[in-house]
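Enquirer: If you scroll down you'll find the structure; I have some questions about it.
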Amino acid sequence: MKQDQDLKSLDELIAEFDGSTPSGRNGVQSGLLLEHLRAARRNLLGSMPGEYGLSLAQATKSLGHFPDKAFRTGITTRLRSLMTST
């Protein structure tokens, strides 16, 4: 089921930014991105596709605050794949 795949992808992204993994990132930028990712997860589970898409768009926009271009590109690609499933 596509929702299960999207949920798994969101959970992986959240784990990368909440510090629960060794590579977890810290800082204000990560906090804002994490907030949008968690909102997207809630909206996905709550069957709110409009809000889900908006949360993903906001997460993508918040990536502009990260200085590493390769990092931004990789996360943007992952978020866009989630957006195409809405």
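The values are calculated or read from the model by the stated rules, or taken from the named source; none is laboratory data. Predicted, not measured: the structure shown is a model, and the values here were computed from it. Cβ coordinates were reconstructed from backbone atoms using ideal geometry, including for glycine residues, and neighbour counts include every protein chain displayed.
Enquirer: State which residue pairs qualify: first residue more than 13 Å from LEU7 (Cβ to Cβ) and inside the stretch 45-63, second residue surrounded by 12 or more Cβ atoms within 10 Å (Cβ to Cβ) and among the aromatic types (Phe, Trp, Tyr) in any location, beta carbons under 9 Å apart, and separation of 6 or more residues or different chains.
Expert: From residues that are more than 13 Å from LEU7 (Cβ to Cβ), the pairs are LEU63/PHE71.
Enquirer: Consider only pairs whose beta carbons are under 7 Å apart and that are at least six residues apart or on different chains; among these, list those whose first residue lies in the stretch 1-16 and is farther than 21 Å from THR73 by Cα and part of a helix (DSSP H, G or I) and whose second residue is at pLDDT below 90 and polar (S, T, N, Q).
Expert: Close Cβ pairs satisfying both conditions: LYS2/SER85.
Enquirer: Please find, within the stretch 53-86, the residue that is surrounded by the most Cβ atoms within 10 Å (Cβ to Cβ) out of those that are under 15 Å from ASP11 (Cα atoms) and among the small types (Gly, Ala, Ser).
Expert: So the residue we want is ALA59.
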